[in-house]
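The values are calculated or read from the model by the stated rules, or taken from the named source; none is laboratory data. Quick caveat, the model's predicted, so the values are computed rather than measured. Please note: Cβ atoms are built from the backbone with ideal geometry, for glycine as well, and neighbour counts cover all protein chains shown. We work out accessible area using only protein heavy atoms, side chains counted, and drop any ligands, DNA or RNA first. Shrake-Rupley method; radii C 1.70, N 1.55, O 1.52, S 1.80 Å.
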Amino acid sequence: MSRPGRAQGELNEQFGGICPICGSTLGTDTRWDPVTRRFDRPPCFRLEVGPMDAAGDSAWRIVVIGAGAVNFPAAVSRVPAFVESEVEFVYLLCGDGHIFPQAEPSHARMRRLTNDRQRVDRWNMVAAVGAPASGKTYLLVRMVSQNLINPDNMFPRVEGGRVQRHRLNPLEQVPLSERAAEYSKTVTDNTAMSPTIGQDTRPARILGRLLDDALGAIREMVRMTVTDGQNRARQWGMGLRQPLVVRTSSDRILTWTGIADLPGELFQPGQSNESERNKLRAYDALIWVIDPVVAAALDPLTRDSLAQGDEYDSVLDGSLRPGTTVEQGASAVRARREHTQREIGNALTLVDNDYAVEEGRALELLIAVSKCDVIHAALRKGKQLEDIGRKGSVARGVATYLAWLSRRWVAGSQRLDPQAERLMDYLYGARSAQQRVAEERIRQVSRGLLEHYSRHQAFWSLVHEGDEDVVDIQASGSMSVSSRRIEVVSIGEHLDQSTVKGSGEVMLIRDVVMSALGCGIAYGLGHDAAIASVLLNDWQRVRLFLCSPLTTVPVARTTVSGPEEIHKLEPLEPAGRFPQMEEPSAALTQLLLASLRKARA
């Protein structure tokens, strides 16, 4: 009988015996009652998987981990027969089934052949929060598919300190593979992705599709070994979904990043979802996805510039989720989702809120304004970024972020690259300027950024194409305000600087400009109070991103096939197309790098 070894001890030390996804047992701390001879809750299991046979089935073995494990024999497959020397993959399953690669396989032969797919040195948990149909899944699928290589660099780094991606184990790959298949339907036949709540990647569903007999064995072991076993067995593996996984290494240190793509319905206000939302507190980073289309504040920018009359409703329907506005109307759908979106923002401002709590470590709060193709389309028609929301709100948001960042830099709380340091030094007047001068310079730079990026080519270069750019800031009549030039590097150079060891702590100029503009747009969309509040938390590191997963405005088209209505997505532009999943996107690449901060430490 295999017993818990050093690998389980390391996992227990890293996670504190708690699954970082759901809070269930992960390690050796499940309490064993010698009187009832049962666990008080489901233990974790080791799942060993062998090669596939000709029929496509794999051999497997399930072993109970923890105190009391010696009382329960392992369960093994019969057809195909399990052979210990042929084990290819070893997983650790938490008490609710979430799947982790075990740090070191148990068998001696496997230890000699251990490769990077089985070894994990560092764990990084990220969750995406957002209202229903906020574009969160489109954003995450495109984000995790971005490349960490700069193809334009003729003299790339080749030493081991560069961050590199690794192939995933089969069970780790399932959530992304299934979402990728959904995304490909949008590209090939204009079918919108199904709601996340319908994409069932809960652990039991994954095992049921790939290793159904193993799932049955686990549930039987839970029934036999756990108090209230019948009920616990039925519920096992049916909690939170398995996250998307990105495996990276730098200097031979491997980081496993899990990105939880959670259904937007989970974030609707209500006590029924509170306990599940609270589990996000243990995560290393939160991605808050803001959907600009649900905000009434966007209408002055887009209503007259995108389409007229009923066509505008089709544009909204395409961005809100095709078919959802037919019965309830666009106004009602937008109002309900905007309410949920604002509730998330308001919750983030509260002490001990549902999503984040101060625990003596920095939390990455990554705010992604999605569907920026809508904003780009309006800019192409001559609109300005300051047309969003109340007058002056966008400029106020840009200025607020610049002021916040300059204060953090002066306090030594934020490292910057040389270009960003020069900008902060000007804004803060070499750290000795009077507040009036600093405010005047911050307003000057804010106006210059908004003027420059209201040009649709510059905006799209920042958001999507990733070309290098130069922002010239004009001087004013004041002697304390001089002209400035901000050189924004290309996404390729940004990648080169961001994929070296230690880069996770440095904010680069491209992130500074993106975050300042993103803060301005989020302010215009009505999230000014929420963002101003989180910027007051020293334990939260806030960055903003302007993202466009589909790169072009989608419009809903409805056709009738017999008694059934079929809803499709089409590009609003006649020559437009939806991108392949892995096509480069500047903002999504920056968001991925920010999500992988621990991997770049």
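Remarks
- Percentage relative contact order, the range 161-241, counting C-alpha pairs under 8 Å, at least six apart: 24
- Shape of the range 138-254, Cα gyration tensor, a/c cut at 1.5: oblate
- For L211, distant residues with modelled amide H under 5 Å away: none
- Think of a 1.4 Å ball rolled over the protein heavy atoms: the range 467-601 then has 37 Å² of accessible area per residue.
- Accessible surface of the range 382-481 [probe 1.4 Å, protein heavy atoms]: carbon and sulfur percent: 45
- Note on V79 and E583: with the Förster distance fixed at 30 Å, the Cβ-Cβ geometry gives a FRET efficiency of about 0.10.
- Cα centroid separation - the range 517-595 against the range 406-469, whole Å: 24
- Given K185/K371; K136/K598; K371/K391; K371/K598; K371/K501; K185/K501, the pairs whose alpha carbons are separated by over 30 Å: K371/K501; K185/K501
- Two-site FRET efficiency, N346 against D304, from Cβ-Cβ distance with R₀ of 45 Å, rounded to 0.05: 0.90
- Within the full protein context, the accessible area of R336 is estimated at about 110 Å² for a probe radius of 1.4 Å.
- One decimal place: the segment R407-R390 gains 3.5 nm when fully extended, by the rule 0.36 nm per residue minus the C-alpha distance.
- Label sites at E564 and D212, each approximated as a point 7 angstrom past Cα along Cα to Cβ, lie 2.4 nm apart.
- Measuring r between the beta carbons of Q230 and Q164 and using R0 = 45 Å, the FRET efficiency lands at 0.45.
- Take every pair of alpha-carbon atoms less than 8 Å apart whose residues are at least six positions apart; their mean separation over the length of the range 544-590 yields a relative contact order of 42 percent.
- The range 464-589 shape via C-alpha gyration tensor axes, a/c threshold 1.5: prolate
- Cα→Cβ-extended label distance, 7 Å offset, between R336 and R485, nm: 5.4
- Label-point separation, K501 to R37 (7 Å along Cα→Cβ), nm: 5.3
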